[in-house]
Amino acid sequence: MSFQQGLSGLSAATRNLDVIGNNVANANTVGAKISRAEFSDVYANSLAFGGNVQTGIGVNVASIAQQFTQGQLTTTNNPLDVAVNGNGFFRMSADGVLEYTRNGQFRQDKDGYIVNSAGARLTGYPADSNGNITTGAPLELRLSTSDIAPRVTSEITSELNLDSRAANVTAAFDVTDSTTYTSATSVNVYDSLGNPHPLTLYFQKSAANTWDVYGAENGVQVTGGSLGTLTFGSDGKIASGGVVSFSLPVTTGAGTPIPINLDLGAATQFGASFGVTSLTQDGYGPGRLAGLSIAPDGTILGRYSNGQSRAQGQIALANFSDPQGLRPLGGNAWAESSTSGQPLLGAPGSGTFGVVQSGAVEESNVDLTSELVNMITAQRVYQANAQTIKTQDQVLQTLLNLK
């Protein structure tokens, strides 16, 4: 029986060395997970013996289980490289067949799909033309390289302080005469074709706590009179006239005139010099795709030359009740099995899912030092089992030599 025990030990040690060798070979494989050989003892069924008198007949490899612990994250120069920090797998579509991976080395193919080195396409939640994420069943993510259309300006918002110490101006407003107004500031507004129009706002103190607002485009006064009047209270805050509405004529072939609301509700009149702390408008010109970035929640943002950002989709992650039940496919991919259970889908950062990091990859979780120590141990176990067979052979040889 010692021959059988020794042979099973040699076989188990060999399988263990195979597992260790595979771990060492994939120490630098992105997204690879360490495997562990799990052993169980073997006993023969017997009706004659039981309890403490049974002798085992060897060892068996019960399972080779992968350990899905977190690997170290390493930064790269590719914004489409994505690493999962926490639970979850990337959901990939290989010619319509679903597979799962932790290797986030992605690129964009000629058709705009996000793919890995094997050509499998990353899936997630698509975005509509306005950048709104469409929830539902994940689809293959496809990036758009088209320009974004311009947006006409409809609102200007400003936070500023008008100097309460300024003298009243009694002269009629004249764009070309700086003595006819107290302060001025400028902002670009956009028409329906995305053409910028420099708009200058002038503030004329006509009486105590009262300011008239004028506008001019390219040195030409808008509307021929004041746009509106601001009135301040004794506390220096707006009392009336905080929103000024006017129309800006354009001659570029765009829709005209441009209706604009000027929101000055946050303006103040304190005893301090004129200053603009914020001046924004909601229009923009056309933009071309300048780059991509991926947020921790998996949202893929396109950055455009006009300074705008727009979502182009969101990465979906999958998780399983028993990840060790996944079926290895090779190529850093696994497939669902009856043991793993059905995938639970969601966005990164939601529920139990980890977040994603753009411009990074997850290294293998193989500890090379531990594997080399395990290799030495497995080698010694192999030698010990071989010695068991050798000793049994010597015992048999002694028995055969008896006369």
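The values are calculated or read from the model by the stated rules, or taken from the named source; none is laboratory data. Fair warning: this is a prediction, and the values are worked out from it, not measured in the lab. No Cβ is skipped: glycine too gets one built from the backbone with ideal geometry, and neighbour counts run over all protein chains shown. Protein only, heavy atoms only, side chains kept; ligands, DNA and RNA dropped before computing areas. Shrake-Rupley method; radii C 1.70, N 1.55, O 1.52, S 1.80 Å.
Details
- Val276-Thr256 FRET efficiency (beta carbon distance; Förster radius 30 Å; 0.05 resolution): 0.60
- Relative packing of 10-23, 225-238, which averages over residues the other C-beta atoms within 10 Å, highest first: 10-23, 225-238
- The angle between the Cα long axis of helix 368-400 and the main principal axis of the chain comes to about 10°, on a 0 to 90 degree scale.
- Shape box of the stretch 133-180 [Cα atoms, principal axes, largest first, Å]: 67, 24, 14
- Counting 0.36 nm for each residue step from Ala172 to Leu368 and taking away their Cα separation leaves a gain of 62.3 nm.
- Net charge of the neighbourhood of Ser8, taken over other residues with C-beta under 11 Å away and scored Lys/Arg +1, Asp/Glu -1, is 0.
- Placing R0 at 56 angstrom, the Cβ-Cβ distance between Ala266 and Gln70 gives a FRET efficiency of 0.75 after rounding to 0.05.
- When the chain is treated as a GNM with alpha-carbon contacts under 10 Å, the residue of Asp95, Asp177, Asp191 showing the greatest mean-square fluctuation is Asp177.
- With helices as the sole contributors, the chain gives -5000 deg cm²/dmol at 222 nm; each DSSP H run of n ≥ 4 counts as -39500 (n - 2.57), and the sum is divided by every residue.
- Averaged over residues, the count of other Cβ atoms within 10 Å places the peptides 288-299, 319-330 in the sequence 288-299, 319-330, highest first.
- Probe 1.4 Å, accessible area per residue of the chain, Å²: 51 Å²
- Among 241-251, 199-209, the order from most to least packed when residues are scored by Cβ within 10 Å on average: 199-209, 241-251
- Under the simplified labelling scheme, the Gln397-Glu159 pair shows an inter-label distance of 9.4 nm, with each label point 7 Å from Cα along Cα→Cβ.
- Environment charge of Tyr190, counting only residues whose C-beta is closer than 11 Å and scoring Lys/Arg +1, Asp/Glu -1: -1
- Counting only protein heavy atoms and a probe of 1.4 Å, the accessible surface of the chain is 50% carbon and sulfur.
- Most mobile listed residue (Thr55, Thr369, Thr75) in the chain, GNM with C-alpha springs under 10 Å: Thr55
- Overall form of the stretch 166-235: prolate. Here a/c, set by the Cα gyration tensor axes a ≥ b ≥ c, is 1.5 or more, and a/b is the larger of a/b and b/c.
- Within the shell of other residues whose beta carbon sits under 12 angstrom from the beta carbon of Phe353, the net charge comes to 0, with Lys and Arg scored +1 and Asp and Glu -1.
- For trypsin sites (Lys or Arg not before Pro), the sites in the stretch 126-171 that DSSP calls loop and that have at most 12 other Cβ atoms within 10 Å are Arg165.
- Computed on the Cα trace of the chain, the radius of gyration divided by the Kirkwood hydrodynamic radius gives Rg/Rh = 1.32.
- Full extension of the chain segment joining Ser321 with Ala44 gains 96.3 nm, where the gain is 0.36 nm per residue of separation less the Cα-Cα distance.
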